[in-house]
Every structure is written in C-alpha cells, then in structure tokens.
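So the structure is just underneath, and the comments pick up after that.
Derivation of every value follows stated rules applied to the coordinates shown; laboratory data play no part. All values reported here derive from a predicted model rather than from experimental measurement.
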C-alpha cells in the first residue's frame, strides 16, 4: 500500500511536505513504518545510510529523519 505525503490545505493553511510527513507521527514523534520507508523511497535515499548513523530508539523519529534528509 502506498500512502500520499503531499502538500494539503488545512483550514486555509497549506501544509508543507515536512508538516505533512510529521502529521503521521505518534505522540512520541515517531513515524509509522510505511511513512519511514516511503520518505526514503521518494527521496531516492538508502534507508541503511540513515539507520547506520542513528540508534535504534531514534530511528523512526520524524524530525530526525527530516533533518537527515536536509529539511
């Protein structure tokens, strides 16, 4: 299954790509596995390049992922 992370309008505010991605996070700031895999696929980045440099307990942190991707 492929979900769409894109700019969307919310109450007159256009969400950026990063805001849309972060909206998938749970209360601890972690993204679901599908969003984790999808963002790396959409950016043409190897998941292992990211996971090799991040501890397991921080691997799914949405803001860390965005920072690593240059957002």
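Just a few scattered comments:
- Whole-Å semi-axes of the ellipsoid equivalent to the stretch 9-69 (Cα gyration tensor, √5λ, descending): 22, 13, 9
- Taking every alpha-carbon pair under 8 Å whose residues sit at least 6 apart, the stretch 9-69 reaches a relative contact order of 34 percent.
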